[in-house]
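Heads up: the structure comes next, in structure tokens.
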Amino acid sequence: MAYQTINPFTNQLVKEYPAHSNADVQAALEKADALYHSDWAKGDIDQRLPILHKLADLLDKQNEELAKIASREMGKLIEQSRAEVTLCAQIARYYADHAKDFLAPVKYDSSLGEAWVEHHPIGVLMAVEPWNFPYYQLMRVLAPNLAAGNPIIVKHASIVPHCAETFEHLVREAGAPEGAYTNLFISSGQVSAIIDDDRVQGVALTGSEKAGAVVAAQAAKKLKKATLELGGNDVFVVLDDSDLQKAVQVGVQARLQNAGQVCTAAKRFIIHEKVADAFLSQFSDAFRQVKLGDPLDESTTLGPLSSKEALETLTRQVEEAVKNGAKVHFGGKPVDHKGNFFEPTILTHITRDNPAYFEEFFGPVAQVYVVKDDDEIVKLANDSHYGLGGAIFSQNIERAKRLASRIETGMVYINSLTDTAAELPFGGVKRSGFGRELSDLGIKEFVNQKLVVVSHQ
Ligand SMILES: NC(=O)C1=CN([C@@H]2O[C@H](COP(=O)(O)OP(=O)(O)OC[C@H]3O[C@@H](n4cnc5c(N)ncnc54)[C@H](OP(=O)(O)O)[C@@H]3O)[C@@H](O)[C@H]2O)C=CC1
Ligand SMILES: CCCCCC(=O)O
């Protein structure tokens, strides 16, 4: 797979990046491993945290330039790209401010003696990341592990090489030593060889279930820990006692943000029968008002999909869904327009024997289901191979909390879309992966939580 910048609005090749050789891979491994064995990684955390503060300042200062690079490379609306860069600065600052507390020794009362758990880095990590949040996905792994002292080697998605290279330069500009964070334009085979290497102690992957299964198996074979942030088919539940106008407005955002290419996007809309007609009518009206266009144009409200292949995949999925009985309530086709555009789409009448029922639509395609009560909501929500996030809209918070506890996912938001923040854990269950990123949980995924006991004997 070549590393190329192709603008998804023009489908023009902007730049091709040379692949890194096996010798480059070995050099990266040597530098990262040497750094891990140095005082920089194993010594005082206070020598590493200023790098994250500096990185946050650089992200804020260069926000507009970085945002334009992302929008031109993967098609995200410029305002959403700016927000992503801001989120990255927040994550960097969060770990700069809190990592020392998270990794401080924790005392245990024990009859065996004075006991405590220390937190130590474990070594070089391999990160494999997707294109849909080209900076955020990198920061989610870099910030906690730079604070902890784990050097990172990254394979980013092959359609966002400019973002990948720019992020690496920013980390060095922030003062990180060589080996702390290395971006490699490499193949899946070279990733496998890196995972196999004894100098690598863990793997973090964000991406599809398919890639996650392959990479996690490679790690497991060598008894190395992995965290997987994979696909999702998240529900967006609208109860009969919800603020319908808010549910529609947030539902549109939750489905169409980043042209629907978000693992935690609202994908399965489960609507109480009492409000289904009103919801569908208002939802369709909102979809009718979107403005397709250049993601760099502030007036555009729906950008292109990230690549021609992504558009072809989504088109095939919708055609298959309809062939198996789904009804197109709105949209349903690729747009005859420059760039990789698909109409905002609403599919209804998807039965369980339709392959679409279990599929994730990674684009502006909403599946709508109508239900009669809360038990049916839970049954439908949990009838999925995935378990990433989910949203529930109701003005009866106790009712929504009871539903949230019954839905088998890693995250549930009430009266909000499934969001993310530095201080909140992110991750799922079932085929959405395992492990958590961000918050105090994320920084402990790849540290040795070492028990020390001073015996009273
Ligand atoms: N949970 C989350 O936060 C996210 C989940 N996703 C999920 O990912 C899917 C679409 O995203 P997409 O980027 O296409 O996912 P992919 O899994 O195709 O790609 C993700 C990353 O994995 C790499 N990769 C793919 N196969 C292998 C392999 N065998 N060995 C090593 N690396 C590999 C890709 O490289 P290359 O680009 O060279 O193929 C890319 O860097 C959707 O299912 C979506 O839900 C996406 C983003 C976030
Ligand atoms: C804005 C929510 C973060 C989305 C995580 C993902 O799709 O990779």
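Could you calculate the contour length gain from LYS379 to ASP353, that is, 0.36 nm times the residue separation minus the distance between their Cα atoms, to one decimal place in nm? Could the numbers behind the result be given before it?
On the way: separation 26, 0.36 × 26 = 9.36 nm, distance 1.58 nm.
Computed gain between LYS379 and ASP353 is 7.8 nm.
Indicate, rounded to the nearest 5 percent, the antiparallel portion of the DSSP beta bridges found entirely in the chain.
Numbers: 26 of 62 bridges.
Of all bridge pairs located within the chain, approximately 40 percent are antiparallel.
Would you mind getting me the FRET efficiency between GLU64 and GLN457? Use the beta-carbon distance for r and R0 = 56 Å, nearest 0.05.
Details: r = 64 Å, r/R0 = 1.14.
Between GLU64 and GLN457 the formula returns 0.30.
Rounded to whole Å, give me the distance from the Cα center of region 258-320 to that of region 231-256.
If we compute the Cα centre of each part, the gap is 12 Å.
Between ALA115 and ASP24, how high is the FRET efficiency from 1/(1 + (r/R0)^6) when r is the Cβ-Cβ distance and R₀ = 45 Å? Nearest 0.05.
Numbers: r = 45 Å, r/R0 = 1.00.
The computed FRET efficiency comes out at 0.50.
Just to confirm a number: summing +1 for Lys and Arg and -1 for Asp and Glu over residues other than GLN80 whose beta-carbon lies under 15 angstrom from that of GLN80, what do you get?
Working: positive: LYS68, ARG72, LYS76, ARG82, ARG255, LYS291; negative: GLU64, GLU73, GLU79, GLU84, ASP294, ASP297, GLU298, ASP419.
Cβ neighbours under 15 Å give a net charge of -2.
Do the sum for the chain: with -39,500 (n - 2.57) for every DSSP H run of n ≥ 4, divided by all residues, what is the mean residue ellipticity at 222 nm, to the nearest 500 deg cm²/dmol? Provide the component values of the computation, followed by the final result.
On the way: 15 runs with 183 residues, N = 457.
Dividing the helical sum by the residues of the chain leaves -12500 deg cm²/dmol.
Quick one: net charge around GLN249, please, counting Lys, Arg +1 and Asp, Glu -1 for every other residue with C-beta under 13 Å from its C-beta. Intermediate values should be presented prior to the final figure.
Details: positive: LYS246, ARG255; negative: ASP243, ASP285.
The answer is 0.
Considering only the other residues whose Cβ falls under 9 Å of the Cβ of PRO334, what net charge follows from Lys and Arg at +1 and Asp and Glu at -1?
-2
Compute the longest continuous run of the chain that contains no exposed trypsin sites (Lys or Arg not before Pro); treat a site as exposed when its DSSP state is not H, G, I, E or B and it has at most 12 other Cβ atoms within 10 Å.
On the way: sites that count: LYS291, ARG352, LYS372.
No qualifying site falls inside 1-290, the longest such stretch.
Run the simple label-point estimate for GLN253 and LYS291 please: 7 Å along Cα→C-beta, distance reported in nm.
Inter-label distance under the simple model: 1.9 nm.
Taking the Cα centre of region 211-309 as origin, work out the dipole magnitude from +1 charges on Lys and Arg Cβ and -1 charges on Asp and Glu Cβ, in debye rounded to 20. Show your work: numbers first, answer last.
Values: 12 positive and 12 negative charges, 160 e Å.
The calculation lands at about 760 debye.
Whole-Å semi-axes of region 307-376's equivalent ellipsoid, largest first, each the root of 5 times a Cα gyration tensor eigenvalue? Present the calculation step by step, with values, prior to reporting the outcome.
On the way: eigenvalues 114, 28, 21 Å².
Each semi-axis is the square root of five times an eigenvalue, giving 24, 12, 10 Å.
Run down the lysines and flag those whose C-alpha is under 26 Å from the C-alpha of LYS246, throwing out any fewer than 8 positions away in its chain.
LYS76, LYS267, LYS274, LYS291, LYS327, LYS372, LYS379, LYS401
Got a sec? How would ILE407, ILE392 order by Cβ neighbour count within 10 Å, fewest to most?
On the way: ILE407 21, ILE392 27.
Ranking ILE407, ILE392 by Cβ neighbours within 10 Å, fewest first, gives ILE407, ILE392.
Testing the spin-label approximation: label points 7 Å from Cα along Cα→Cβ at SER284 and ASP57. State their distance in nm.
Here the modelled spin labels are 5.5 nm apart.
Taking the Cα centre of each part, how many Å lie between region 113-127 and region 27-86?
Each part's Cα centre sits 23 Å from the other's.
With +1 on each Lys and Arg Cβ and -1 on each Asp and Glu Cβ, how big is the dipole of region 234-421 about its Cα centre, in debye rounded to the nearest 20? Before the final figure, lay out each step's value.
Values: 20 positive and 27 negative charges, 14 e Å.
For this selection, approximately 60 debye.
Roughly how many Å is it from the Cα centre of region 157-209 to that of region 337-391, as a whole number?
33 Å
Expressed in nm², what is the orientationally averaged projection area of the convex hull enclosing the Cα positions of region 234-421? Walk me through the intermediate numbers first.
On the way: hull surface 40.7 nm².
With every direction weighted equally, the projected area is 10.2 nm².
Please rank LEU103, LEU13, fewest neighbouring Cβ atoms within 10 Å first, as an exposure proxy. Please list the in-between numbers first.
On the way: LEU103 22, LEU13 11.
So the ranking, lowest neighbour count to highest, is LEU13, LEU103.
How many nm separate the modelled label positions at HIS169 and ARG316, each set 7 Å beyond the Cα in the direction of the Cβ?
For the pair HIS169/ARG316, the computed spacing is 3.6 nm.
So which GluC sites (Glu not before Pro) in region 357-457 are both in a DSSP loop and have at most 14 other Cβ atoms within 10 Å of their Cβ?
Answer in residue order: GLU423.
Expected output is a single nm value to one decimal: the length gained when fully extending between HIS337 and GLU408, i.e. 0.36 nm times separation in residues minus the C-alpha distance. What is it?
On the way: separation 71, 0.36 × 71 = 25.56 nm, distance 3.95 nm.
Additional length available on full extension: 21.6 nm.
Just so you know, all these numbers are worked out from the coordinates, no wet-lab data involved. Source: prediction; values computed, not measured. When we count neighbours, we look across all protein chains shown, and the Cβ atoms used for this are built from the backbone with ideal geometry, even at glycine.
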